[in-house]
Structures are given as structure tokens and as C-alpha cells.
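Notes for the one structure printed next.
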Amino acid sequence: LREIFELRHMQTDPNWSNFLYDPQTKVLNLIDFGASRTFPESFATEYLKMVVACANRDEQGVIDSSVKLGFLTGDESAQMLSSHVAAGFEVGIPFAEVGISTSESPHEVFGGVHDFKMTKGIAKSVSKHGKVMIDERLCPPPEEAYSLHRKLSGTFLACMKLNAHVPCRGLLLDTYQRVVLSEEDGARAAAATA
């Protein structure tokens with residue numbers, strides 16, 4: 001989260017060989033920056049708003065952010081919008097307050113910590129919306145999405161493989177507080193003094 005939303009610079013190749021674990025310090029080090037890229041602040045901030053909307057199951061928030069980011073034009077069919085939002089809700093489950101999915105594979109949050117072992121069916125849950133999203137998409141996703149989604153998918157897969165327990169919701173809300181709310185507070189303060 002910090003890479004994309006705060007630094008706005010991300011290593012986008014989540015290959016296992018790009019990490020080195022130091023057992024003495026118990027620190028995981030990223031060692032290959034060949035696939036790094038910088039994201040525009042406007043894209044990163046709006047994408048963060050979309051992730052929060054997905055986690056909060058805020059349908060209109062997902063649609064609004066998706067239009068601003070260029071995932072949608074605003075002229076999509078009701079079926080396309082429904083599939084797009086449903087896929088976003090599935091991917092947002094690890095960040096949800098209550099991580100229970102409507103799909104056949106349950107996701108669980110214990111004490112604010114997401115159990116990625118329970119997320120192993122997420123690809124199947126999202127792919128059931130794929131045909132509609134391919135057939136009815138009116139525009140290609142924004143260029144930034146390809147490398148970002150490769151990294152996010154790889155990170156989810158790594159967490160699943162490791163059966164990780166991650167406080168995703170808390171990390172997301174902390175990031176949102178630092179990036180979006182502090183930015184909005186700064187803009188209000190600047191407007192008040194102008």
C-alpha cells in the first residue's frame with residue numbers, strides 16, 4: 001500500500017526471486033527494481049478511493065472512481081456496471097470490515113486480520129464476471145492498471161501461498177487517513193486562509 005499510495009513508485013514484478021529474506025533480522029528485502037514505475041499522484045489517490053469503496057461495498061463510489069480513472073466511460077450497460085462492481089467487491093474483501101463473501105468460497109477476518117488462506121477462491125469469484133467485462137467493455141483499462149494489477153495479483157498470490165494473516169483493513173484505513181484525508185484537510189486549510 002505504501003509503495004503505490006504514498007511513494008507512488010512501485011516495483012511491479014512480484015516474482016519470488018526478486019525478494020531476499022534475512023532470517024537473522026526477519027526482514028524481507030526487495031532486491032530487483034528493474035520493473036519499477038512511478039504513478040501519477042492523481043491516479044494513485046483516486047485508485048485508493050476506489051479500493052476503499054470496494055472494501056466498503058460502496059457501489060456508487062466504485063463506479064465514480066472507475067470513471068475518473070478510466071476503467072469505465074459512464075455509458076456502460078447495467079450488466080457491465082454490475083459485473084465491474086461485483087468483481088471489485090470480491091477483490092476488496094481482504095480490506096473489508098467483515099470479510100464475508102457472497103461467493104461459494106468464504107473469506108474471513110479474525111480480529112481485524114485477514115486470513116489469506118480463505119482467499120484462495122478469489123480468482124474464480126472474479127473470473128465469473130470476466131465474460132461480461134470482456135464483451136461489454138467500452139474502453140481499455142488505464143495504462144497504469146496493467147503493471148499495478150500484476151503487482152497486486154502477485155502480492156495476493158504470495159499471501160495465499162504463505163497463508164498470511166494481514167491486518168488489511170487497518171493498513172488501508174491508515175493509508176487513506178495519511179493520503180486522502182490529510183490532503184483534503186490541507187486543501188481546506190489553504191482555502192480558508194486564501
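The values are calculated or read from the model by the stated rules, or taken from the named source; none is laboratory data. Please read these numbers as outputs of a predicted model, since none were measured by experiment. Please note: Cβ atoms are built from the backbone with ideal geometry, for glycine as well, and neighbour counts cover all protein chains shown. Just the protein is used for accessible areas: all its heavy atoms, side chains included, with ligands, DNA and RNA removed. Shrake-Rupley method; radii C 1.70, N 1.55, O 1.52, S 1.80 Å.
Report, by residue number, each residue of the range 124-152 that is in a helix (DSSP H, G or I) and open to solvent by 100 Å² or more (accessible area, probe 1.4 Å).
Scanning the range 124-152 gives LYS124, LYS131, ILE134, GLU143, TYR146, ARG150.
Kindly establish whether SER153 is among the hydroxyl-bearing types (Ser, Thr, Tyr) and either without any contact (Cβ under 8 Å) to a residue 40 or more places away in the chain or touching a Lys or Arg at 6+ places or on another chain (Cβ under 7 Å) (or both).
no
Can you pull out the residues in the range 153-169 that are in a helix (DSSP H, G or I), open to solvent by 30 Å² or more (accessible area, probe 1.4 Å) and out of contact with any Pro (no Cβ under 9 Å at 6 or more places or on another chain)?
LYS161, the sole residue that qualifies.
Suppose the filter is aliphatic (A, V, I, L, M), outside any helix (DSSP H, G or I) and either in contact (Cβ under 8 Å) with a residue 12 or more places away in the chain or over 18 Å from HIS129 (Cβ atoms) (or both); does LEU72 pass it?
For LEU72, the condition - aliphatic (A, V, I, L, M), outside any helix (DSSP H, G or I) and either in contact (Cβ under 8 Å) with a residue 12 or more places away in the chain or over 18 Å from HIS129 (Cβ atoms) (or both) - is met.
Being assigned to a helix (DSSP H, G or I), open to solvent by less than 20 Å² (accessible area, probe 1.4 Å) and in contact (Cβ under 8 Å) with a residue 40 or more places away in the chain is the filter here, so list the residues in the range 11-51 that pass it.
PHE43, ALA44, THR45, TYR47, LEU48
State whether one or more residues within the range 90-98 are open to solvent by 20 Å² or more (accessible area, probe 1.4 Å) and at pLDDT 90 or above.
Yes, some residue in the range 90-98 is open to solvent by 20 Å² or more (accessible area, probe 1.4 Å) and at pLDDT 90 or above.
Return yes or no: is LEU1 open to solvent by 20 Å² or more (accessible area, probe 1.4 Å) and free of Cβ contacts under 8 Å to residues at least 60 places away in the same chain?
no
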